[in-house]
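Trainee: Mind having a look at this structure? Questions to follow.
FYI, it's all coordinate maths here, none of it is from the lab. None of these values were measured; they are calculated from a predicted model. Cβ placement follows ideal geometry from the backbone for every residue including glycine, while neighbour counts extend to all protein chains displayed.
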Amino acid sequence: MKPDDTQNPTDGWTRLCEGVLRTNFGRIESNAVAGAMKALSLEEARRQEWSRRWILRIAALLVLGGIISWGISTRWQNLNLKDEPPAPTVTSQPVTPAPAVAPSGSILLEIWRDVPGDTIASLTNSAKFNQTADEVRALPSLEIRSISAVNLGNRIRGWLNPEVSGAYEFWIASDDASEFWLSPDADAERRQLVARVDGWTTERAWDFNPSQRSNPMLLEAGRRYYFEALHKQGGAAGHLSIAWSTAGRPREVVDRKYVTPFQLDSPR
Ligand SMILES: [Ca+2]
């Protein structure tokens with residue numbers, strides 16, 4: 001049962017004191033609560049700061065790990081690229097198919113000097129003939145005109161490219177001796193002696209001796225035929241000419257436009 005304040009005057013003082021005390025206690029309690037709240041807030045702030053720092057550290061580690069991984073990957077790719085052959089260069093130029101027959105050009109003349117004699121045998125039996133020629137020249141046709149030097153041996157090699165198909169005849173004229181060899185195809189090993197000069201002739205004197213004229217030989221346009229001319233100049237005047245003709249075409253010295261020139265590194 002609650003005491004009645006009006007019945008006991010001391011009870012008011014007591015209640016006042018109790019109120020003050022209660023109030024102080026309330027303040028004290030309030031301050032304690034506030035302190036506790038403040039402590040809790042600091043603790044929470046510390047926890048949040050701690051969390052924030054760790055999040056930043058983890059994020060930094062992830063970024064660093066990504067950078068390192070990217071660097072290693074790039075380095076590996078570069079190492080692999082170094083081992084690979086370079087990429088082919090792509091151009092926009094049109095592709096031209098390789099010609100079936102090499103283009104005609106200057107005719108190769110090989111010259112051996114200081115080889116005495118005026119017969120072909122004096123050249124082919126010479127030790128020098130198995131060696132590299134002393135000199136090479138380019139001819140515009142199968143012809144050497146007005147040689148003033150002495151003791152020379154000459155050889156002309158190449159492939160004939162007939163413009164039209166038909167039976168061809170060949171003539172040879174020279175001072176001194178000469179031989180003209182022709183293959184039924186591009187193989188040098190199948191060449192045959194088809195015309196020759198045993199002594200000498202004047203320039204382009206085609207009909208001085210029957211041996212200067214070949215039998216008719218069937219040649220096809222678009223095919224190549226190996227030929228070889230040998231010539232020996234002893235003394236005095238010197239020259240060499242080789243002509244051909246086919247049906248409907250006059251006899252003429254063979255022009256370089258019908259010749260695929262022999263290259264010194266070509267297979268025989
Ligand atoms: Ca001569």
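Trainee: Hey, if you put +1 on the Cβ of every Lys and Arg and -1 on every Asp and Glu Cβ in the range 107-261, which of Asn215, Thr260, Ala138 ends up farthest toward the positive end of that dipole?
Mentor: So the residue we want is Thr260.
Trainee: Work out the length of the dipole vector of the range 133-232 about its Cα centre, built from +1 on the beta-carbon of each Lys and Arg and -1 on the beta-carbon of each Asp and Glu, and round it to the nearest 20 debye.
Mentor: 100
Trainee: Hey, another quick one. Under the classification rounded if a/c is under 1.5, otherwise prolate if a/b is larger than b/c and oblate if not, where does the range 113-156 fall, given a ≥ b ≥ c as square roots of the Cα gyration tensor eigenvalues?
Mentor: prolate
Trainee: Could you bin all the Cα-Cα distances of the range 107-261 into 5 Å bins starting at 0 and give me the percent of pairs in each, rounded to whole numbers?
Mentor: 2, 10, 20, 24, 21, 14, 7, 3, 0
Trainee: Next question. How high is the relative contact order of the range 159-246, in percent, with contacts defined as C-alpha pairs under 8 Å that are six or more residues apart?
Mentor: 46
Trainee: List the relative contact order of the range 107-261 as a percent without decimals, with contacts defined as Cα pairs under 8 Å and 6+ residues apart.
Mentor: It comes to 34 percent, rounded to a whole number.
Trainee: If you don't mind, there's one more thing I want to ask. Could you rank the peptides 118-125, 132-139, 190-197 by their average count of other C-beta atoms within 10 Å per residue, with the highest value first?
Mentor: Highest to lowest by the protection proxy: 190-197, 118-125, 132-139.
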